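The structure appears right after this line, and notes come after that.
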Amino acid sequence: MTSDSEKYWYNLKTGEVEKGFASPVVDRAGPFDTPEEAATAPERLKERSRQWDEDDAAEAEWGGGTASDESDRH
């Protein structure tokens, strides 16, 4: 098993792929096994965000309200 310090990360600030812990954790997305995978991080993040939005909407529909209705109750 490879340690995360030997894997690849996408730097959210610079848009560059880095190996290991070259940047602060708040600026990194990953880890990825290859530099090519790390380079696709922006697309992966967008897709995950879209999926989470769909999941939230489906949960709100199941519960009979909208996602914003749910947050208003807390």
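One table, with the values for the structure above:
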item	result
Some residue of region 62-74 being polar (S, T, N, Q), modelled with pLDDT under 95 and assigned to a loop (DSSP other than H, G, I, E, B)	yes
Qualifying residue in region 30-40 (condition: part of a helix (DSSP H, G or I), surrounded by fewer than 11 Cβ atoms within 10 Å (Cβ to Cβ) and either touching a His at 6+ places or on another chain (Cβ under 9 Å) or modelled with pLDDT of 95 or more (or both))	yes
Subset tally (residues that are closer than 12 Å to Asn11 by Cβ and not small (Gly, Ala, Ser)) for region 36-61	1
Qualifying residues in region 5-25 (those that are closer than 10 Å to Ala39 by Cα and among the hydroxyl-bearing types (Ser, Thr, Tyr)) - the one most open to solvent (accessible area, probe 1.4 Å)	Tyr8
Complete set of residues in region 41-55 that are basic (Lys, Arg) and surrounded by 14 or more Cβ atoms within 10 Å (Cβ to Cβ)	Arg44
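The values are calculated or read from the model by the stated rules, or taken from the named source; none is laboratory data. The model shown is predicted, which means the values in this text are computed figures rather than measured ones. Positions of Cβ are backbone-derived with ideal geometry, glycine not excepted, and every protein chain shown enters the neighbour counts. What goes into the accessible areas is simple: the full protein's heavy atoms, side chains included, and nothing from ligands, DNA or RNA. Shrake-Rupley method; radii C 1.70, N 1.55, O 1.52, S 1.80 Å.
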